[in-house]
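The values are calculated or read from the model by the stated rules, or taken from the named source; none is laboratory data. All figures in this text were calculated on a predicted structure; none of them were measured in a lab. Here the Cβ positions follow ideal geometry from the backbone for every residue, glycine too, while neighbour counts run over all protein chains shown. The protein model used for the area step is the full one, side chains on, heavy atoms only, and it has no ligands, DNA or RNA in it. Shrake-Rupley method; radii C 1.70, N 1.55, O 1.52, S 1.80 Å.
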Amino acid sequence: MNWYLKRTGQALFTLWAVVTVAFVLAWNVPGSLVDHMVDRIVQNSNVDPEIVRESIESRLMFDPEASLLEGYLTYVSALLEGDLGYSFVAGQDVSTTLAEAVPWTLLVMSLATLGMFAISLALGAIMAYREGSWFDIANTFVGIVTTSVPYFVAAFLLILWVGYSDAPILELFPPRGRRPPRVDPGFTVAFVWGALRHAVLPALSYLITGYGLLALSMRGNSIQTLGEDYVRVAELRGLSSRRIALRYVGRNAVLPLYTSLLLSIGFMLGSSVVLEQIFQYHGVGYWMYEAIDATDVPLMMGTFIVITVCVVIATFVADVTYSMLDPRIKSGDQGEAY
Amino acid sequence: MTDQDTRSTQTATHSTERTGSTDGTADHVLEIRDAEVSFEMDRGVSRVMDHVDLDVHRGEIIGVVGESGSGKSMLASSMLDAVVDPGVLSGEITYYPEDGEPVDVLGLSDRKLKRLRWEEISMVFQGAMSSFNPTMGVREHFVETLEAHDDDVEAGMERARELLSDLYLEPERVLDAYPHELSGGMRQRALIALSLVLEPEVLVMDEPTAALDLLMQRSILSLLEDLREKHDLTMVFITHDLPLVAELADRIAVMYAFELIEIGPTDEILRHAAHPYTRALLNATPNLDAPLEEMRSIEGAAPDPVDVPDGCTYHPRCPLADETCVADDPDFRQVDAAHEAACFHWEDAAEAVPFTGVDVDADPQTSITEEHR
Ligand code: SF4
C-alpha cells in the first residue's frame, strides 16, 4: 500500500511540476503574448486590431497584465476545471482539440509498442538460444543497422515505398491522414479497419528503427539467464524445455526490459511531433508542431501538459505491472525497479 | 528388457572385478569406473576429472573432499550425467536400483535419463541460493517437478509438506512464499525437500552448506542424518570442509588434482590418513583453538588442469617425492581392509607428515567436532 502511495505521490508531483514549468514558459514568452497574436491575425485580415485584442484577451486563461502569482492561480484553477484555453490554430478549445487528437496518437504508439515488444522478445530469445549461429549473427547485424536509422528517415523510406508501389499497397497503407475518408466515425468494421490501416506506416517507422536495440537487449538478458543456476536445476528436474523457455528464461530476461519500455514511450511521444507532421497524422504531436509554428501558446501548453500526463500515466502503469511480474519488488528487496 | 540393459548388466558385472577404490563385497548403489571429464580449451584439452573409480554403498553417507578446483563438483555432476557443456564425460557409471536391473547411466536415452534424474538420483547444488526461479513461488517449484514426472500432484504435495516439516519448516508458509522471502537456511532446506520430493534413492550434494553460517550448517547436517534414516537414502556429500563432513560421513574420499587419491572409513582417514596430501589437508584445517598465526596452508599451488604434473600429481608439493613419483602414477594401495591410498610411500607418510593440530588419541569424531566449534 505504502508503495502505491509513494508512486502516486511521485506522479502527482511530476504533473504539478510540468504544469508550473509550462506556465512559466508561457508567461515569459518574449514581447507581449497578446500583441504577438493580434499582429498575426491582423496581418491576414482587415479586422480592427482592438476587437481582435479584446476577443483574444477574453479567451486567454490568465490576464497577462496581472501579477505573476495571480496569473498562476487563475491558470491552475482553470486547468483543474479542464479548461486549457482557446486555440487559434485549431479554431476551437484546446481541450476539445486534444481530446480528439490523443486517441490517434495512442493508437499509433500502442501498435508500435506492442508490435515492437512482441517481435523483439521472441527474436531476442531465439537468438540467445541459437547463440553464435548464422541466424544470431545475421540478426545482430540487421538489428544494429536498423537501430542506427532515424525514425523519420524510415518514415520517408516507407512513404517512398508505398508511393512507388502498386495501387493495392497504396490502398492498404495510406501514407497520409489518420482515417478513411467517406466513412463515418464509430465502431464499425470499416472505420476501425481504416483507422488501423492509416496507423500502420507511422507505427512501422518506430518499429523498424526501434526493435533492434530491444531484441539485442533481450538476447543479452536471455543468454545471461540461461547461465543461471535455476535454469540448470530446472533442466535436471526434468521440466519441459518449453516451460523452461517461457517461465524461467523468458520471464526473468524480460524484467530488465521494462526500463526500455518506459524510455520508448517517452521517446515516441516526443517523436510524434515530427512523425505526425510527416504523415499529416492529426494527433497530439501534429498539433504541437502547428502550435509552435503559429506561436499558439495555449495549444502549446496544452499539448505539453497532455504529453506529460501520458508519460506519467504510462510510467505508473508500467510500475504497477512490474511489481506483478517481479515478486521481489514490493518487499523492497531491490528497492527500485529501475 | 532392452538390449542396452543387458549390455549394461554385463559391463557392470565385468567391471566389479577391477581394483582401485572399489570392493566387491558391499551392496553398491552406484559404481563409477574410469570416469573422465575433459574440456576443449584454447590452451589444449583440459582434463578436470581423471580416471575416477568409486563405489557408493547403499545407504551410506560418503563425503568427497577436495580443494576448490580439484574436480569434486565434476564428480557430483557426473553421477547424474549432468556435466555442463562443453565438458565431455566418459567412462562407465552404473546405477543399481533397490530392485530391478542395473542402469548404464551414460548410455541412457534422453527420456530415460530424465526419469533417472530426480526420481532415482537427485542433487542439491552449490548455488543453492540461486537454485529457485526468483519469479515463481516455492509451491510451483514442487508442483511443476511432480507434473514433469507424471506424478500424482496431490500425494506428492503431501510428501512435500511432510519433508518440509521434517526439516523444521512450516510447510504452508514456505510453500506460499517466494524464494527471496526465505532466509538462506530456509531456502537451503526447502531445496533439500524439493530434491527429495520424488523419493530418490541417492542424494548428491555439492557444497550444500557453503554459503551458510556455522550454526545453520550444523543443524542442516543433523537434519540430513535424520532424513537418511527415515528415507533409506544414500548420500554423496561433496565439500572442501573436511571437519564438517567428518561429522556426518561413514566414508571419506579425498580428491586432489582431478583424481581420487585416498578413500576409507571416516575414522581411519582422520586417525591414519595414508596419503601425504590428506595428512597435509588435515593439518591445514582450521583449528579454532590454535592462535591465528599458527594456521597453515598446504605449501605449493594446486595444479593447472591443462598442465597436470606427470607421475604422481602431488609430487611438486610432496615432501616424500622421489624419482618414482615423478615418473609413475601410483595405483591405489591397500592400507587397511577398506582403506586405500594412491601413494608409493604411504607407509612413510605418517612419519614425514606428522599431525600437528589434531589430537590423534582422542576420539577423532569428537575432537574434530570440538575444533570446529
Ligand atoms: S606417490 Fe610420491 S609424490 Fe605422490 S604422494 Fe606419494 S610420496 Fe608423494
Please state which of the following conditions residue B:174 fails to meet, knowing it meets all the rest: (1) within 13 Å of chain A (Cβ to nearest Cβ); (2) in a helix (DSSP H, G or I). (1)
Verdict on residue B:218 being modelled with pLDDT under 90, within 22 Å of residue B:68 (Cα to Cα) and among the charged types (D, E, K, R): yes
By residue number, the members of segment B:254-284 that are outside any helix (DSSP H, G or I) and either over 18 Å from the mean Cα position of the chain (by Cα) or farther than 15 Å from residue B:339 by Cβ (or both) are B:255, B:256, B:257, B:258, B:259, B:273, B:274, B:275
Does segment B:150-159 include one or more residues that are within 18 Å of residue B:182 (Cα to Cα) and of a type outside the set (Lys, Arg)? no
Keeping to segment A:236-251, report how many residues are touching a Phe, Trp or Tyr at 6+ places or on another chain (Cβ under 9 Å) and assigned to a helix (DSSP H, G or I). 4
Counting just the residues of segment B:274-329 that are modelled with pLDDT under 80 and either hydroxyl-bearing (Ser, Thr, Tyr) or within 10 Å of the ligand (Cβ to nearest atom) (or both), which one comes out surrounded by the most Cβ atoms within 10 Å (Cβ to Cβ)? B:285
Have a look at B:119, B:181, B:172 and point out the one that is surrounded by fewer than 21 Cβ atoms within 10 Å (Cβ to Cβ) and within 19 Å of the chain's Cα centre (by Cα). B:119
Looking at the structure I just gave you, is residue B:135 part of a helix (DSSP H, G or I), at the interface with another protein chain (Cβ under 10 Å from one of its Cβ atoms) and open to solvent by less than 10 Å² (accessible area, probe 1.4 Å)? no
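For every residue, the table says whether it meets (1) over 23 Å from residue B:338 (Cα atoms); (2) within 14 Å of chain A (Cβ to nearest Cβ); (3) not basic (Lys, Arg).
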position: B:50; (1), (2), (3): no, no, yes
position: B:57; (1), (2), (3): no, no, yes
position: B:67; (1), (2), (3): yes, no, yes
position: B:93; (1), (2), (3): no, no, yes
position: B:125; (1), (2), (3): yes, yes, yes
Return the residues of segment B:141-171 that are within 14 Å of chain A (Cβ to nearest Cβ) and farther than 16 Å from residue B:195 by Cβ; say none if nothing qualifies. B:147, B:150
Restricting the search to segment A:218-231, which residues are in a loop (DSSP other than H, G, I, E, B) and more than 10 Å from chain B (Cβ to nearest Cβ)? none
Please state which of the following conditions residue B:185 fails to meet, knowing it meets all the rest: (1) modelled with pLDDT of 90 or more; (2) more than 13 Å from chain A (Cβ to nearest Cβ). (1)
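Inside segment A:90-105, can you point out the residues that are surrounded by fewer than 18 Cβ atoms within 10 Å (Cβ to Cβ) and either in contact (Cβ under 8 Å) with a residue 12 or more places away in the chain or over 25 Å from residue A:40 (Cα atoms) (or both)?
A:99, A:100, A:103
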Return a yes/no flag: does segment B:40-60 have any residue that is in a loop (DSSP other than H, G, I, E, B), modelled with pLDDT under 75 and out of contact with any Cys (no Cβ under 6 Å at 6 or more places or on another chain). yes
Just one of the numbered conditions (1) under 19 Å from residue A:231 (Cα atoms); (2) surrounded by fewer than 18 Cβ atoms within 10 Å (Cβ to Cβ) is not true of residue B:153; which one? (1)
Just wondering, is there one or more residues in segment B:197-212 that are in contact (Cβ under 8 Å) with a residue 24 or more places away in the chain, closer than 22 Å to residue B:126 by Cβ and assigned to a helix (DSSP H, G or I)? no
Of all residues being open to solvent by 60 Å² or more (accessible area, probe 1.4 Å) and in contact (Cβ under 8 Å) with a residue 12 or more places away in the chain in segment B:330-344, which is farthest from the ligand (Cβ to nearest atom)? Just the residue, please. B:336
From the list A:234, A:199, A:190, which one is small (Gly, Ala, Ser), more than 9 Å from every other protein chain (Cβ to nearest Cβ) and buried (at least 19 other Cβ atoms within 10 Å of the Cβ)? A:199
